[in-house]
Amino acid sequence: MSQRILVVDDETAIADLVEVYLQGEGFTVHKFHNAADALASVNAAPPDLAILDVMLPDLDGFTLCRRIREQHLFPILMLTARGEDLDKITGLTLGADDYITKPFNPLELVARVKTQLRRYTRYNQGAAPAQPEEYDLRGLQISLSAHRCTLFGEEIPLTPLEFSILWHLCQNRGRVVSSEELFESVWGEPYLDSNNTVMSHIARLREKLREPRRKPRFIKTVWGVGYTIE
């Protein structure tokens, strides 16, 4: 069965273009032009990945992303026409896994979709075993084989990227991991100096772990260097 992609964009021409390229790669596309219909579709039958435009006629894409993340962990890719850093950071903070700025190259969009699906599939259907497969850090437990994270016994719903970030930091506990290393290890792409992606995901991860802002218990920032879990 082909993987199902949700496309939400009120610009018919763009939605149609994305649909053509994704169908050409063998994906099944479910296309909507407003947030309400898209959310109803997600709740009825969750897709394998969602592509959300920021500007929608009823709810904005950020709100739609947040509502999806309340129940689902499949990858979300945001489309933004403005290209502003604030839009990108907002989307990533709310749980989006990636973003692409309009106008975009359809082939690049397809490549990013495939990258997100590979990562999501790998972490949800079993990656190659790592040693060890679990960490228990003062009440924070994370298991690779179960792809599960709990905090004092309460399960924490992490997206695949958030899980990957936390797992990489746990694997390197006691060592400071630079933003460049973290990005290239988790995203598998070259790091750019102006890239705020790592910072946005760390902020979202800390929020889910209910970290105190001034004295975080788990993920600590070493200013000018990177992040560490002691």
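Annotations for the structure displayed:
- Residues (in contact with a Gly (Cβ under 9 Å, 6 or more places away or on another chain) and open to solvent by less than 70 Å² (accessible area, probe 1.4 Å)) located in the range 220-230: T228, I229
- Within the range 1-19, the residues that satisfy the criterion of being assigned to a helix (DSSP H, G or I) and either among the hydroxyl-bearing types (S, T, Y) or in contact (Cβ under 8 Å) with a residue 60 or more places away in the chain (or both) are T12, I14, L17, V18.
- In the condition set (1) surrounded by 15 or more Cβ atoms within 10 Å (Cβ to Cβ); (2) out of contact with any Asp or Glu (no Cβ under 8 Å at 6 or more places or on another chain), R217 is compliant with all but (2).
- Set Y123, Y135: member being open to solvent by less than 90 Å² (accessible area, probe 1.4 Å), at pLDDT below 65 and not in a loop (DSSP other than H, G, I, E, B): Y123
- Residue within the range 198-205 that is over 20 Å from the mean Cα position of the chain (by Cα), crowded, with 17+ Cβ neighbours inside 10 Å and in contact (Cβ under 8 Å) with a residue 40 or more places away in the chain present: no
- Residues being in a strand (DSSP E or B), of a type outside the set (G, A, S) and in contact (Cβ under 8 Å) with a residue 12 or more places away in the chain - total across the range 144-192: 3
- Top-ranked residue of the range 1-27 - restricted to ones that are of a type in the set (G, A, S) and in contact with a strand residue (DSSP E or B) (Cβ under 9 Å, 6 or more places away or on another chain), ranked as surrounded by the most Cβ atoms within 10 Å (Cβ to Cβ): A15
The values are calculated or read from the model by the stated rules, or taken from the named source; none is laboratory data. Since the model is a prediction, treat every value here as computed from it, not as a measurement. Don't worry about glycine lacking a Cβ; one is built from the backbone with ideal geometry, like all the others, and counts go over all protein chains shown. These area figures cover heavy atoms from the full protein model, side chains too; ligands, DNA and RNA do not enter into them. Shrake-Rupley method; radii C 1.70, N 1.55, O 1.52, S 1.80 Å.
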